[in-house]
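To keep things clear, I will list the structure first and then write my remarks on it.
The values are calculated or read from the model by the stated rules, or taken from the named source; none is laboratory data. Model, not experiment: these values are computed from the prediction. Cβ atoms come from the backbone with ideal geometry, glycine included; neighbour counts cover every protein chain shown. To get the accessible areas, we keep the full protein, side chains included, count just its heavy atoms, and leave off ligands, DNA and RNA. Shrake-Rupley method; radii C 1.70, N 1.55, O 1.52, S 1.80 Å.
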Amino acid sequence: MNAVRHLLALGALALAATSASAQFVKGNEAVKVLPDGIKKVETPPLPAATLGTPCAADKPACTASGWRMVETRDGLRECTEIYARPETCRPSTFGTEKRPRLWIVKTRGQWMQCQLPEIGSKCVSTKALPYSAIQ
């Protein structure tokens, strides 16, 4: 009986740890963990108007205004645009390199860009001028 209780406690702890680490930015509605444990990630939708040729993440001139930090199916990525098209993103260097960054999150059903990886930081619509910060 004691072993069963111990096993249940470990299972609950593992589940709590999984849901706690499901999002890089806490409160980002774009990242959800389903009851079966599968992580579902939504990225900002492409606009109805045709976009120009994507600016590849490996071109330094593409990031003059800083990186857009977007949570994708592949994890946290640094992107040259908010839409996170594959060629515009690269693996995150957050925590190892300091550079201008904006955090793209979904909160209250709206896509926002935040100065820091916190919903409570300076966040504005993705259609407005952002507040970037060196991080």
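Tabulated data
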read-out: First in the stretch 122-135 and under 15 Å from residue 78 (Cβ atoms) and of a type in the set (Ser, Thr, Tyr), second anywhere and in a strand (DSSP E or B) and open to solvent by 40 Å² or more (accessible area, probe 1.4 Å), Cβ under 6 Å, 6 or more apart; value: 132/100
read-out: The stretch 50-79, subset β-branched (Val, Ile, Thr) and surrounded by 16 or more Cβ atoms within 10 Å (Cβ to Cβ), residue farthest from the chain's Cα centre (by Cα); value: 63
read-out: Qualifying residue in the stretch 81-96 (condition: closer than 21 Å to residue 124 by Cβ and of a type in the set (Gly, Ala, Ser)); value: yes
read-out: Inter-residue pairs, beta-carbon under 6 Å, first in contact (Cβ under 8 Å) with a residue 24 or more places away in the chain and in the stretch 26-49, second open to solvent by 50 Å² or more (accessible area, probe 1.4 Å) and among the charged types (D, E, K, R), 6+ apart; value: 30/42; 41/73
